[in-house]
1. What is the extension gain from ASP152 to LEU73, computed as 0.36 nm multiplied by their sequence separation minus the C-alpha to C-alpha distance, in nm to one decimal?
2. Please work out the Cα center distance from the range 102-136 to the range 84-98, rounded to the nearest Å.
3. Among the listed pairs LYS52/LYS112; LYS72/LYS112; LYS52/LYS240; LYS72/LYS240, which have their C-alpha atoms separated by more than 21 angstrom in this model?
4. What ranking do LEU86, LEU73 get, fewest neighbouring Cβ atoms within 10 angstrom at the top?
5. When Lys and Arg each count +1 and Asp and Glu each count -1, what net charge do the other residues less than 14 Å away from LEU108, Cβ to Cβ, add up to?
6. Once you have the Kirkwood Rh of the range 49-245 from its Cα pairs, apply Stokes-Einstein at 10 °C and 1.306 mPa s and quote D in µm²/s.
7. Could you check the simple spin-label distance between GLU64 and SER174, using points 7 Å along Cα→Cβ, in nm with one decimal?
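All of the numbers you see were taken from the coordinates with simple rules; none came from a lab. Treat the numbers as computed from the prediction; the structure is a model and nothing was measured. Don't worry about glycine lacking a Cβ; one is built from the backbone with ideal geometry, like all the others, and counts go over all protein chains shown.
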Amino acid sequence: MKLSDEKKAHALDRANRRRSGKVAFFAHWARIVVVSLALFVVIRAFGVEAFKIASGSMEHTLFEGDFLLINKLVYGAGIPGSGRKLPALHAPRRGDIVVFTYPVDRRLNYVKRITGLPGDTLEMRDATLIRNGRIVPERYVMHSADEGDQTDDEFRWQKAYLIGDAQLENYRPSRNNWGPLVVPVRNYFVLGDNRDNSSDSRYWGFVADSLVRGQPIVVYYSYAPDTGDRLDWLTRVRWKRFGEIVH
């Protein structure tokens, strides 16, 4: 009888140890999952975020269908719910490609190139950008053949920032001819590389520093827009763009 009781106790002890082992195993993996999710949230909020190019306004630098990783720390990541930013590694610079919240509709994010910093005087003459009195070499800019110039009532916002000899009553800005105007403090002037097919600062104004979200660093995936062909997915992936550094 005593031997039987010992066997039962031994069996019960083994069962308890197996149960404890299972609990410890699941607790271990639960901790890993929780920590991983927490790290993902922190990294996405303050470090790196994915972004998809939805238009051709930056061709031939970035293409519609490019998927980018954005460095949010470089300009100071925004602190959710506070309207503030973490300290920046450095301020945005002329020529930087940036992702920002669209000032006209803050549900959207845009990507453009910074062409004017606070205090810069900008103007455009026959599609040539002039900054602080000097022509800006823009080897990355693409122009559409025979596109011509365009006027638009949206350009009228520029009147509030005109300087020099510009006459308000005679000011007739167009896509390729405007200014000179001065970029305000804590704001940036941005343009698309696909200059004739870009909605940018020429149309809707400056980008406030608080709206700048980060700097694209690499293309991690890319595919061409849908053509409607059932089999086009076989050839839509742009393999050569994988790992392309953005600059």
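1. So the extension gain works out to 24.8 nm.
2. 16 Å
3. LYS72/LYS240
4. With the sparsest Cβ surroundings first, the list reads LEU86, LEU73.
5. +3
6. 88 µm²/s
7. Modelled inter-label distance: 2.6 nm.
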